[in-house]
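Below: the structure, in structure tokens.
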Amino acid sequence: MKHRQDNPLPPLVIKGEGLDLHFDRLVPCAPNDQGFVPFYHFRIVINGATHVGHINFKIGDTDHIHRCAGHIGYEIAEGHRGNAYSFHACNTLAPFIRTIYDAVVITVSPHNPASIRIIQRLGCEFMDEIEIAVSEPAYIKGERFKRRYRWLP
């Protein structure tokens, strides 16, 4: 995967289909042995003002990213789920992602059918399903496997 080495700042607002992404912050991360990396945090906003969730874009190519966390993470508030906001947020963020990567890894729990549908709808290529290392935070929270997908944003 091509990876741009600097961390450019995105536009403050990225307009999308039915929603906007509001850049909140670039969260730095000092090098560590857990493989955590810096990430961009965006608020997902509908109707110009209603915050319905967030999407994160992680910058780095560690084992933690490629085997467990993935480059993209999103969460929609419970009262706003079922409206394809995660799908639209990913597509809205895609042009910015392409300025840094030509392809990214998205991971998902095999027990999360809603996210699997979003990932499939994005046209991601299934790579495999792997066991999570016992040292991963997801393992500590009870996860044992992750499905990995390759996305060409």
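Couple of notes before you dig in:
- Residue in segment 67-74 that is more than 18 Å from Leu12 (Cβ to Cβ) and more than 15 Å from the chain's Cα centre (by Cα) present: no
- Of the residues making up segment 45-64, those that are buried (at least 16 other Cβ atoms within 10 Å of the Cβ) and modelled with pLDDT of 95 or more are Val45, Ile46, Val52, Gly53, His54, Ile55, Asn56, Phe57, Lys58.
- Single condition Lys15 does not satisfy, out of (1) at pLDDT 95 or above; (2) under 28 Å from Pro110 (Cα atoms): (2)
- Scanning segment 121-143 for residues that are surrounded by fewer than 13 Cβ atoms within 10 Å (Cβ to Cβ) and either closer than 19 Å to Ile76 by Cβ or among the basic types (Lys, Arg) (or both) returns a single hit, Lys141.
- Only one of Ala84, Ala114 that is more than 23 Å from His22 (Cα to Cα) and in contact with a helix residue (DSSP H, G or I) (Cβ under 9 Å, 6 or more places away or on another chain): Ala114
- Hey, Gly73 modelled with pLDDT of 95 or more, under 14 Å from Asp20 (Cα atoms) and not polar (S, T, N, Q) or not: no
- Residue in segment 94-110 that is surrounded by the fewest Cβ atoms within 10 Å (Cβ to Cβ), counting only those that are touching a helix residue (DSSP H, G or I) at 6+ places or on another chain (Cβ under 9 Å) and farther than 10 Å from Tyr149 by Cβ: Pro110
The values are calculated or read from the model by the stated rules, or taken from the named source; none is laboratory data. Just so you know, these numbers come straight off a predicted model, no measurement behind them. All Cβ positions, even for glycine, are placed from backbone atoms using ideal geometry, and neighbour counts span all protein chains on display.
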